[in-house]
Amino acid sequence: MTPLLEVDDLRVAYGKIEAVKGISFTVEAGQVVTLIGTNGAGKTTTLRTLSGLLKPLAGTIRFDGTPLTGVPAHQIVARGLAHSPEGRHIFPRLTIAENLQLGAFLRKDTAAITHDIQRTYELFPILGERAKQAAGTLSGGEQQMLAMGRALMSRPKLLMLDEPSMGLSPIMMQKIMQTITELKASGTTILLVEQNAQAALSLADQGHVMEIGRIVLSGTGADLLHDESVRKAYLGED
Ligand code: ATP
């Protein structure tokens with residue numbers, strides 16, 4: 001079966017700084033794939049390139065059987081690739097419900113949109129309880145839930161999550177990881193960027209370790225979780 005996403009020898013630069021130096025990986029439908037690595041490894045740059053926000057220097061991206069390279073960002077969303085960015089980028093003055101509506105901005109099926117908003121409230125009850133409040137009043141973890149809920153509102157074939165656990169309390173982080181596990185169980189395909197390697201590898205089918213723009217190690221989540229070099233570098237073991 002052709003993978004849902006195929007990234008081949010992707011290179012991305014900011015001016016003269018090459019942030020991604022030729023990476024290749026695939027995501028099969030139904031899988032959770034994670035990119036882990038320290039600050040500046042090029043993970044966010046990779047996701048931003050996949051969503052069309054940055055233009056690659058070289059390489060190819062194929063999604064759902066067609067090339068994505070050079071396709072504008074809004075068309076990429078329309079093709080089924082949604083991005084929940086690092087730092088969340090919710091609209092703080094709009095209500096929670098309005099933020100979710102915005103995630104469906106390309107859809108016209110009003111009844112189904114309403115249904116999906118209800119589903120989001122089932123996934124994240126706090127969002128339902130506070131639907132009419134300004135999103136800026138949510139805690140960091142709740143804003144993260146909103147960002148994920150909003151990305152899901154486009155009914156994506158692939159959901160990309162950039163550092164969903166960043167800045168969250170351990171309990172909130174657990175809740176977010178639990179939700180990702182639930183989304184996976186319901187068949188959502190996910191590309192997850194995380195600095196919390198332990199959490200990400202525990203739920204990923206496949207993982208790739210990035211260091212200064214390159215993938216230096218790949219394997220199943222379980223393999224990487226038990227790999228000695230990964231344990232030393234990313235799981236804080238001596
Ligand atoms: P982080 O977790 O800190 O976001 P990351 O693995 O996602 O790390 P990137 O944000 O993709 O890494 O950064 C990769 C490299 O590109 C870094 O060296 C970074 O300094 C550089 N970089 C990122 N954004 C820009 C930019 N707008 N202009 C110039 N260089 C940038």
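The table that follows gives values for the structure above.
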item	result
Given 11 as the ceiling on other Cβ atoms within 10 Å, longest exposed-site-free region of the chain for trypsin sites (Lys or Arg not before Pro) in DSSP loops	133-238
For segment 165-238: relative contact order, % (alpha-carbon pairs under 8 angstrom, 6 or more apart)	21 percent
Relative contact order [Cα under 8 Å, 6+ residues apart], segment 7-92, whole percent	28 percent
Share antiparallel - DSSP beta bridges, the chain, percent rounded to 5	55 percent
Environment charge of Leu123, counting only residues whose C-beta is closer than 15 Å and scoring Lys/Arg +1, Asp/Glu -1	+1
Quotient of Cα Rg and 2.2 N^0.38 Å for segment 125-203, N being how many residues it contains	1.07
Tail weight of P(r) past 30 Å, computed on alpha-carbon pairs of the chain, percent	23 percent
Cα centroid separation - segment 104-135 against segment 144-182, whole Å	15 Å
Highest-fluctuation residue, Met177, Met148, Met160 considered, GNM on the chain with Cα pairs under 10 Å	Met177
J(HN,Hα) series, segment 43-49, from Karplus relation 6.51 cos²θ - 1.76 cosθ + 1.60, nearest Hz, glycine and proline x	5, 5, 4, 4, 5, 5, 6
On Cα atoms only, tilt of 140-152 relative to the major axis of the chain in degrees	90 degrees
Equivalent ellipsoid semi-axes - Cα gyration tensor, segment 175-224, angstrom	21, 11, 10
Contact order normalised by residue count of the chain, Cα under 8 Å, 6+ apart, percent	27 percent
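Read the figures in this text as sums done on the coordinates, not as results from a lab. As the structure is a computational prediction, the values presented were derived from the model and not from experiment. Note that we place each Cβ from the backbone using ideal geometry, even for glycine, and neighbour counts take in every protein chain shown.
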